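Read the structure below first, then the notes.
The values are calculated or read from the model by the stated rules, or taken from the named source; none is laboratory data. The structure displayed is predicted, hence computed values, not measured ones. Virtual Cβ from ideal backbone geometry, glycine too; neighbours counted across all protein chains shown.
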Amino acid sequence: MLAPLALALLAPGVAAQTAPSSDTMLNEQVKDYDWVRPQADFVRKVVMIPTRDGTKLYTVIVHRKGVTDAPILLSRTPYDAAKATSRSRSQKIEEILPIADAEFVNDGYIRVYQDVRGLHGSEGDYVMTRPLRGPLNATEVDHATDAYDTIDWLVKNVKESNGKVGITGSSYLGFTSLMALVDPHPALKAAVPQSPMVDGWMGDDWFHNGAFRTFGFDYDLGQTVKNGGGSVPKGNGDEYTAYLEAGSAMDYAAAYGLLDLPVVRKVLEHPSYDAWWQSQALDKLLAERKLTVPTMLVVGQWDQEDSYGAPAVYRALEKQDAANDMLSLVIGPWRHSQVNYEARELGPLKWEGDTGLQFRTRWMKPFLDCHLKTNAPACDTPPVLTYATGDQRWEVSREWPAGTLTPLYLDKGFGLSWAKPAAGSDSYVSDPAKPVPFLPRPIHMQGDEWRTWLVQDQRFVDGRTDVLSYSTGVLDKPVHIMGAPKVDLRAATSGRDSDFVVKLIDVYPEENTADPKMAGYQLGIGIEIFRGRYVNGFSTPAPLEPGKTYAFQWSLPNVDHVFLPGHKIMIQVQSSLFPLYDRNPQTWVPSIMSAKPADYANATETIRRGGDAPSAVWLPIAQD
């Protein structure tokens, strides 16, 4: 007979069971634990969505309990959908998702994250930025088909949905968002690609105007090694020294075993803008198709990784949008992907409130609401939305660029002039053994140092003998630029090849009691490089003729900035930005990737000004 206390503890209808003794030796590991508890205010489902070739993609569906007739917001990621949807083990939906999702899930959106094929929980083979079906992809699948198949499954199987889907994400997720616009599913009603990887050679992750970006080695290793490649094992020392001692990009890759990675070999084998790069350029591919999905393109003014893609797609598609109701461009005061985080400041710069939250609540969510919600509110999306840094305010424009290109000429005495000056020149010696650093040393291309390098005070190189600094006098009225400044650099080299870097800089007053940390600060507004061998065409590299003056022409990133009265405008010219970009040997070699130590040589660079060779930066000046 059971003791009275034991009987009292038994629930009605439950037979007594004998629990194992605490002394019993059992395997105390269990197979799984469902961390989403019944008291959670959300539903989190993991499904494997089948695609047309039979590959199944790991997908996490999250929404607040009780939602019905709800829009779906999809992101397709290489960065682990499971982690993206379990930021914490909270039982509150806004705590488990990225902070940028709160406004959406708190208003009844269904949030979906999916691992791209071949990564994390998804089946299949992984190919970095997998090209569209065609010459570079002989299979029947790509990110466009995977997005189509995913959306098709979601609208048929998620009963809480209203059948309307939007897609968004930044960087690689911006790329997959754009890929979904190629032959889009009918249920895809809106897209917000942010800082998308569009053209890896022209100006996104791997090259800028032909100059190779070495930081990609770490990304390639971490992205394509199945069991976690991490970063290149070069230690924690000065990366300036590590890259300088290694030599060329090929020598560096060989020293650290990176040539075993297919993506590294591909990039090193295609140093010029050949068909391999051109046929992957998403702005060109999308321009060949009719724009049928309302799209809001987003980029940060100081995006250190993908400043090129969003404006390039806007340029390619804008002519299809005569009514100004299908395509919009947003340029915020952000680093790469900062739109999805708190964005009150960037490095030393402070804004009027959280500009990321402002954008998401005032413009991004209303844009998605009007296209995705049932009985949606009317759309009132600005054609162009930018943040005027310097004046700290949001601006709406009908078109972009919104300024008129006006030349600011290099002048004698290292001045700048709005009028074409008399002929002259300035020279410096570029020594590849002592390249100009892109950050103060020691350099580490990671963390906040990497995220904010574009707003680094440029006084750390001002005064070097291989950096020329030209400046206006103190401004007596504001100069407001809205667009991409254009570089027209007339220059000659004593070598057979050369790089040129131009920086557009806002010089703060030497006395600044309102913010003493900014006194005399040299703030980069646009910094960009050009590899000289491509002066006659990016697909046709050729040696330069020593002493001949060439017109090197390229664009700086798109900006909305006000140079305030009391400030100065500065333009710096140099021939290296190391180790962000590999060194130009300044002699002629067929591929700089495989240059040898004997190929690197000093060169005298001569910058022409005025007369029949007027070097200038053309500023897109807005009439306020």
Exactly one of (1) over 20 Å from Asp462 (Cα atoms); (2) surrounded by 22 or more Cβ atoms within 10 Å (Cβ to Cβ); (3) touching a Phe, Trp or Tyr at 6+ places or on another chain (Cβ under 6 Å) is unmet by Pro579. Its number? (1)
Checking Thr513 against (1) under 30 Å from Trp588 (Cα atoms); (2) of a type in the set (S, T, N, Q); (3) more than 28 Å from the chain's Cα centre (by Cα); (4) assigned to a loop (DSSP other than H, G, I, E, B), which single condition isn't satisfied? (1)
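I'd like the residue in the range 267-296 that is of a type in the set (Val, Ile, Thr) and surrounded by 15 or more Cβ atoms within 10 Å (Cβ to Cβ) and, out of all such residues, is nearest to Trp363 (Cα to Cα). Please lay out each step first, then the result.
The first filter runs over the range 267-296 and keeps only residues of a type in the set (Val, Ile, Thr), leaving 267, 292-293, 295.
Now narrow it down to the ones that are surrounded by 15 or more Cβ atoms within 10 Å (Cβ to Cβ): 267, 293, 295.
Values: Val267: 38, Val293: 17, Thr295: 13 Å.
Among those residues, the one meeting the criterion is Thr295.
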Considering only residues of the range 309-331 that are part of a strand (DSSP E or B) and in contact with a helix residue (DSSP H, G or I) (Cβ under 6 Å, 6 or more places away or on another chain), which is surrounded by the most Cβ atoms within 10 Å (Cβ to Cβ)? Leu329
From the options Asp107, Asp125, Asp152, Asp142, residue that is of a type outside the set (Gly, Ala, Ser) and closer than 20 Å to Arg360 by Cβ: Asp107
If I filter the range 216-248 down to residues being of a type in the set (D, E, K, R) and in a loop (DSSP other than H, G, I, E, B), which single residue comes out as modelled with the highest pLDDT? Asp238
Filtering the range 296-333 down to residues that are over 23 Å from Leu372 (Cα atoms) and among the hydroxyl-bearing types (Ser, Thr, Tyr) yields Ser307, Tyr308
Hits in the range 221-239 - residues which are surrounded by 12 or more Cβ atoms within 10 Å (Cβ to Cβ) and over 23 Å from the mean Cα position of the chain (by Cα): Lys234, Asp238
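Test Val293 against the stated conditions and say whether it is in contact (Cβ under 8 Å) with a residue 12 or more places away in the chain, of a type in the set (Val, Ile, Thr) and closer than 22 Å to Ser555 by Cβ. Reasoning before the result, please.
On the way: in contact (Cβ under 8 Å) with a residue 12 or more places away in the chain: yes; of a type in the set (Val, Ile, Thr): yes; closer than 22 Å to Ser555 by Cβ: no.
No, not satisfied.
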With (1) at negative phi; (2) part of a loop (DSSP other than H, G, I, E, B); (3) buried (at least 16 other Cβ atoms within 10 Å of the Cβ) as the list, and Pro546 as the residue in question, which single condition is left unmet? (3)
Give me the residue from the range 516-536 that is without any contact (Cβ under 8 Å) to a residue 60 or more places away in the chain and over 24 Å from the mean Cα position of the chain (by Cα) and, out of that set, surrounded by the most Cβ atoms within 10 Å (Cβ to Cβ). Gly532
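Would you tally the residues in the range 341-357 being surrounded by 18 or more Cβ atoms within 10 Å (Cβ to Cβ) and either within 16 Å of Gln301 (Cα to Cα) or not assigned by TED's automatic domain parsing to the domain that holds Arg393 (or both)? Even if it seems obvious, please write down each step before you answer.
Of the range 341-357, the ones surrounded by 18 or more Cβ atoms within 10 Å (Cβ to Cβ) are 343, 346, 349, 351, 355-357.
Next cut, either within 16 Å of Gln301 (Cα to Cα) or not assigned by TED's automatic domain parsing to the domain that holds Arg393 (or both) only: 343, 346, 349, 351, 355-356.
Result for the range 341-357: 6.
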Qualifying positions in the range 514-557 - of a type in the set (Phe, Trp, Tyr) and over 16 Å from Val501 (Cβ atoms): Tyr521, Phe538
Only residues that are surrounded by 18 or more Cβ atoms within 10 Å (Cβ to Cβ), under 16 Å from Leu327 (Cα atoms) and either modelled with pLDDT under 95 or in contact with a Pro (Cβ under 8 Å, 6 or more places away or on another chain) (or both): list them for the range 373-394, please. Thr381
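Within the range 483-500, which residues are β-branched (Val, Ile, Thr) and within 27 Å of the chain's Cα centre (by Cα)? Before the answer, list the steps.
So in the range 483-500, the residues β-branched (Val, Ile, Thr) come out as 487, 493.
Hit for the range 483-500 is Val487, nothing else.
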Would you point out the residue of the range 185-220, among those that are more than 23 Å from Leu259 (Cβ to Cβ) and β-branched (Val, Ile, Thr), that is farthest from the chain's Cα centre (by Cα)? Val192
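So, restricting to strands (runs of 3 or more DSSP E) that lie completely within the range 409-488, which ones have at least 1 residues that are closer than 23 Å to Leu564 by Cα and in contact (Cβ under 8 Å) with a residue 12 or more places away in the chain? Quick ask: steps written out before the conclusion?
Values: elements: 415-417, 424-430, 468-471, 479-483.
Counting at least 1 such residues, we get 415-417, 468-471, 479-483.
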Quick one: Ser231 ticks every box in (1) in the same structural domain as Pro135 (by TED's automatic domain parsing); (2) under 21 Å from Thr129 (Cα atoms) bar one, so which box is it? (1)
Among the residues of the range 367-401, which ones are part of a helix (DSSP H, G or I) and either among the β-branched types (Val, Ile, Thr) or in contact with a Cys (Cβ under 8 Å, 6 or more places away or on another chain) (or both)? Phe367, Cys370, His371
For the range 124-152, how many residues are surrounded by fewer than 16 Cβ atoms within 10 Å (Cβ to Cβ) and in contact (Cβ under 8 Å) with a residue 24 or more places away in the chain? 5
Being farther than 12 Å from Ser90 by Cα and in contact with a helix residue (DSSP H, G or I) (Cβ under 6 Å, 6 or more places away or on another chain) is the filter here, so list the residues in the range 30-51 that pass it. Ile49, Thr51
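Conditions (1) within 30 Å of Met518 (Cα to Cα); (2) charged (D, E, K, R), marked per residue:
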| position | (1), (2) |
| --- | --- |
| Arg531 | no, yes |
| Tyr534 | no, no |
| Gly547 | no, no |
| Ile571 | yes, no |
| Gln586 | no, no |
| Met593 | no, no |
| Asp599 | no, yes |
| Ala613 | no, no |
Breaking point among (1) touching a Ser or Thr at 6+ places or on another chain (Cβ under 9 Å); (2) surrounded by fewer than 23 Cβ atoms within 10 Å (Cβ to Cβ); (3) not polar (S, T, N, Q), for Gly200: (2)
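Could you pull out the residue among Tyr600, Tyr521, Tyr534, Tyr581 that is modelled with pLDDT of 95 or more, of a type outside the set (D, E, K, R) and in contact with a helix residue (DSSP H, G or I) (Cβ under 8 Å, 6 or more places away or on another chain)? Don't jump to the end; show me each part of the working.
Values: Tyr600 fails: in contact with a helix residue (DSSP H, G or I) (Cβ under 8 Å, 6 or more places away or on another chain); Tyr534 fails: in contact with a helix residue (DSSP H, G or I) (Cβ under 8 Å, 6 or more places away or on another chain); Tyr581 fails: in contact with a helix residue (DSSP H, G or I) (Cβ under 8 Å, 6 or more places away or on another chain).
Just a single option satisfies the conditions, and that option is Tyr521.
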